Amino acid sequence: MLASLVLGLALNAPRVLDPNTAYDPKIPTIKQVLGYDHGDEITSPENVAVYLKALSAAAPERTRLVEYARSWEGRPLWILVVGSADRMAKLDSIKAGLRKLADPRVTTPAEREELFRTLPVSVWLLHGVHGNEISSSDAALAEAYHLLAAKNDAGVDAILGNAIVVIDPMENPDGRARFLFQNLQGRASTPDPEPISAEHDEPWPGGRSNHYLFDMNRDWFSLSQPETIGRIAVHQEFFPQVSVDLHEMGGNGTYYFAPPADPINPFVPKEQRDWFDVFGRNNAARFDERGFGYFIRENYDSFYPGYGESWPIFNGSVGMTYEQASARALAWKRDDGLLLTFKDGVLHHFTSAIQTARTAAENREKLLRYYSGYRQSAIDEGKKGAVEYALVPGVDPSRAERLARLLVRQGIEVRQTTEATKVGVRSVPAGSYLVAAAQPTGRLIRNLLELNVDQDAAFVKKQDERRKKRQGDQIYDVTAWSLPLAFGVECVPSALAVSVKTQPLAGVATATATTLPAAKVAYLLPWGFNSAAAVAEALQAGIRVRVAGDMIKLNGATFPTGTAIFRTSENENLAARLGAIAAKHSVTPVGTDTAFVDVGGISLGSSDVASMKSPRVLLMWDAPTSTLSAGWARFALERRIGVRTTAVRVSSFRRANLADYDVVVLPSGDYSTLGDDGVKRLKDFARAGGTVVTLGEASRWAAREKVALIDTRTENRDGSPEKDAPAGDADKKKTDASKPFDYEKAIQPEREAPENTPGSYLRVMLDPEHWMSAGTDFEMGVLVESRRIFTPITLDKGENVAVYAKKDKLRLSGLVWEEAQTALAQKAFLIHQSMGAGHVIAFAEEPNYRAYTEGTMLLFANAVLLGPAF
């Protein structure tokens, strides 16, 4: 009863946005519009829009409400731009001025001085990229109300007089809707603060991610999701000097704001770091005044460039993450016995956001000068070291094109060569892509294209000391992200500007459907990522396709393993039908009037040419799959490869008629819940001609002795096979009393997992004769983020399609401990094992990681499309 009374008092205690502010009654309160006060309820995505529209209608001269994107599930994403009536009347002119400020190359010093004198500072407040981090979106509504309704408030007057504030209230409406549905379904008659209660315990997949289960706080440079694409467009419209991404953390914390923790990305200059301190100190002063707890320089770093704070940082913004302890409902009982309420979170986020906007407004001219100086210094730094990067189309030109256009969509200038040239001693063909470093986005360019971005040596030393003591590391995210490595594209840096004829590249290719030149016999399409997607679409359109299991030499040209063959005798109106598909996917089929091949390859009618089918894919879904792995796989299958996919909950797998499918994909996870019957069903499916594809932890499960989907094992730290833990005392260390006691040896764990590799790129070598290697140059970088080590499969059991390189050639980028390099060298990354009429294909790591590892995603496409053919 006492606990209920305390909870009731806490939930009904007054929460004043700002105790010294009076509000204009002409601006509707949230209670007048939605029926509850700030923090009384978790506002739904639909009601977020309802209240924004009400505010904008009440103050049209001081607001502009814009829908900037639609989610996969069709929900709108909004920004509310707030400023003084005078500023908003000139908003288009202000945006043009901010665009000029962002590029010092197009303005004179006098013009820049005029911009410093007249422009407002641009402040971008982003909320709720993780759908279950709920308080920030409601705080955004409070921020908008406060800025529009506050009367005679010095802070608001400063903000409206010196800034435009771009409020993005809800970055992930799909995730928020999913969380709210689950929360309401589990809610008690009165809010239950017990962490174990149903309203806090989210079922799979939870509300953090979007429709495709992506963590969109890692999507900023990969631009795979429509929500992120829309946000980048907002940035390119308002070029903010200050950007804040408001999040939530575990309920036992307090509040975090800048300065960030180590390591800080080396491309963050000192002046930018100084601004972190300015905003941090002003936030601290306000939090101290109101009695709110907080911490700084812990947990949350600014190293990875794909966060919602860091991508703006490398465009010159003072980008910051703010984290509020989460109630994950209306109330949460902390471990210390105190009660944290949703209202607390709303109030704390509101306070930091308004204080940040005020700090920016009070430093308007300084921030504008800083921003212009940042963009100019990026240009100046780009004239030293590597001044240009050449992206060279290889055996799969589509990946180089996709990478180049991805850069353009982020505001980076890319030129395509129209003639062959040399970059240093390297000859590069026409159609290569050049990226000059001397651009206002120069620090973003270096982050994305350099092979390595090193962490601070003192930080690395500290992590080395911690791991030797078996303490958890403080590495927050991956340590490598080089896009050329991720895409499997050669990137050649040049110390000199490349002199060659070029044309500017657009961010999106324009496709014009054309009828292909006539061919009497067939069209041949060399394999690659775009080719794979084109073949998938052709198969669904009823076009018959065959695939070469070996090289073809025809009409003086060489067509590698994996080349798709479209025979005119098997397909009506092929030139027009295939031409439309080829144009859409930017690929060029090659026609032939003869099937008489040159010496040195197989024939078009060879038994090594397999007939393809449009694969029917069953994707394991729901617990125990990793939400990220499942989402990445589904996105790759549906949106990048374009194949029919049925997501089947693991708990329903026993009811699936596997005869209806050609491929079963197991995302990362431990599938022990399938039991012996589930394993038998998978094996019978493969023996009947099916393709089973396992990813990451699913491959580890498949290698277990009791499962034996693949006949190899994962390894312990000492190289011994990983086995189920023995019962009783069978695994205790034996000591030799005749020898001196060795303390260091005695404290080492038995049967220990291998050293962790924290998101680094390692070199693998691929089997050039295997169809799984189609579309590659037989060597690529793969992202490793695990402790998994697979012993290579023996020749009598299967094939090691991709193997990690020898130790001296292994590491490409990122942090890889010496012990991990020793253990991983020449171990298996990709295993193919025949099973009856079908096969099992096992990836040691996640091939679809964050949807930007295009090189390994191609291998995944090969497994899905070519597996059923071979």
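Considering only DSSP beta bridges where both residues belong to the chain, give the percentage that are antiparallel (nearest 5). Expressed as a percentage, antiparallel bridges in the chain total about 65. Taking other residues whose beta carbon is less than 14 angstrom from the beta carbon of ASP677, and scoring Lys, Arg as +1 and Asp, Glu as -1, yields +4. Think of each Lys and Arg Cβ as +1 and each Asp and Glu Cβ as -1; about the Cα centre, that makes the dipole of region 148-204 roughly 200 debye.
The label-point distance for GLU465 and LYS53, in a model that sets each label 7 Å from Cα toward Cβ, rounds to 5.9 nm. Placing unit charges on each Cβ (+1 for Lys and Arg, -1 for Asp and Glu) gives region 366-489 a dipole about its Cα centre, and among SER432, PHE459, SER482 the Cα reaching farthest toward its positive end belongs to PHE459. Loop-resident trypsin sites (Lys or Arg not before Pro) (DSSP state other than H, G, I, E or B) in region 771-818 with no more than 14 further Cβ atoms inside 10 Å of their Cβ: LYS797, LYS806. Less than 5 angstrom separates the built amide H of GLY251 from those of SER326, all sequence-distant by 5 or more or on a different chain. A DSSP coil position with no more than 10 other Cβ atoms inside 10 Å describes none of the GluC sites (Glu not before Pro) in region 264-334. Between 0 and 90 degrees, the angle of helix 574-584 with respect to the longest Cα principal axis of the chain falls at about 40 degrees. For region 632-640, 3J(HN,Hα) computed residue by residue from phi via the Karplus equation (6.51, -1.76, 1.60; θ = phi - 60°) reads 4, 5, 5, 4, 4, 5, 7, 9, 9 Hz, glycine and proline entered as x.
Based on protein heavy atoms only, the chain ends up with 39 Å² per residue of surface accessible to a 1.4 Å probe. The angle between the Cα long axis of helix 397-408 and the longest principal axis of the Cα atoms of the chain comes to about 10 degrees, rounded to the nearest 10. Of the cross-linked pairs LYS383/LYS422; LYS553/LYS613; LYS384/LYS501; LYS683/LYS797; LYS469/LYS807, those separated by over 21 Å at the C-alpha level are LYS553/LYS613; LYS384/LYS501; LYS469/LYS807. Simple spin-label estimate for ASP711 and LYS809 gives 2.9 nm between the two label positions (7 Å along the Cα-to-Cβ direction from each Cα). Taking only the C-alpha atoms of region 429-469, the Rg (one decimal) and the largest Cα-Cα distance, Dmax (whole number), read 16.9, 53 Å.
Extension gain for the segment ASP670 to GLU779, taken as residue separation times 0.36 nm less the Cα-Cα distance, is 36.3 nm to one decimal. The HN-Hα couplings worked out from phi for region 302-314 by the Karplus form 6.51 cos²θ - 1.76 cosθ + 1.60 (θ = phi - 60°) are 10, 9, 5, x, x, 7, x, 9, 7, 4, x, 4, 7 Hz, whole numbers, x standing for Gly and Pro. For region 298-397, the alpha carbon convex hull comes to 192 Å³ per residue, rounded to a whole number. In this structure, the amide hydrogen of SER786, modeled 1.01 Å from its nitrogen in the peptide plane, lies closer than 5 angstrom to those of THR757, GLY759, counting only residues at least 5 positions away or on a different chain. Note on the chain: with charges restricted to the Cβ of Lys and Arg (+1) and Asp and Glu (-1), its dipole about the Cα centre is near 1220 debye. Coordinate range of the alpha-carbon atoms in region 379-519 per principal axis, descending: 68, 37, 28 Å.
Charge tally around ASP550: other residues with Cβ under 15 Å, Lys/Arg +1 each, Asp/Glu -1 each, net -2.
State, as an integer percentage, the relative contact order of the chain based on alpha-carbon contacts under 8 Å between residues 6 or more apart.
So the answer I get is 10 percent.
Counting only Cβ charges, +1 for Lys and Arg and -1 for Asp and Glu, the dipole size of region 113-260 around its Cα centre is about 120 debye.
Rounded to the nearest whole Hz, the Karplus-based 3J(HN,Hα) values (6.51 cos²θ - 1.76 cosθ + 1.60, θ = phi - 60°) of region 608-617 follow the sequence 7, 9, 9, 7, 9, 10, 6, x, 9, 10, with x at glycine and proline.
Please say if region 23-91 is rounded, prolate or oblate, where rounded means a/c under 1.5 for a ≥ b ≥ c the square roots of the C-alpha gyration tensor eigenvalues, and otherwise the choice is prolate for a/b larger than b/c and oblate otherwise? Because a/c hits 1.5 or more and a/b fails to exceed b/c, region 23-91 counts as oblate. Of the solvent-accessible surface of region 300-374, computed with a 1.4 Å probe and all protein chains present, 46% belongs to carbon and sulfur. The base-10 log of I(q)/I(0) for the chain, evaluated at q = 0.08, 0.09, 0.10 Å⁻¹, reads -0.79, -0.99, -1.20 [Debye formula, identical scatterers on Cα atoms, solvent excluded]. Kirkwood hydrodynamic radius of region 749-870, from the reciprocal of the average inverse Cα-Cα distance over all distinct pairs: 14.8 Å. For SER569, the solvent-accessible surface computed with a 1.4 Å probe is close to 100 Å², ligands and nucleic acids excluded. Using just its DSSP H runs of length 4 or more, each adding -39500 (n - 2.57), the chain gives a mean residue ellipticity at 222 nm of -10000 deg cm²/dmol after division by all residues.
The value of relative contact order for region 658-712, using C-alpha pairs under 8 Å at least six residues apart, is 44 percent.
Is region 622-680 rounded, prolate or oblate when judged by the Cα gyration tensor, a ≥ b ≥ c being the square roots of its eigenvalues, rounded requiring a/c under 1.5 and prolate requiring a/b larger than b/c? The shape class here is oblate. Taking other residues whose beta carbon is less than 11 angstrom from the beta carbon of GLY838, and scoring Lys, Arg as +1 and Asp, Glu as -1, yields 0. The three principal axes of the Cα atoms in region 190-230 give end-to-end lengths of 41, 16, 13 Å, sorted in falling order.
The values are calculated or read from the model by the stated rules, or taken from the named source; none is laboratory data. Worth saying up front: this structure is predicted, and the values here are computed from it rather than measured. Using ideal geometry, Cβ is built from the backbone for each residue, glycine included, and neighbour counts are taken over all protein chains shown. These accessible areas exclude ligands, DNA and RNA; they are computed on the full protein's heavy atoms, side chains included. Shrake-Rupley method; radii C 1.70, N 1.55, O 1.52, S 1.80 Å.
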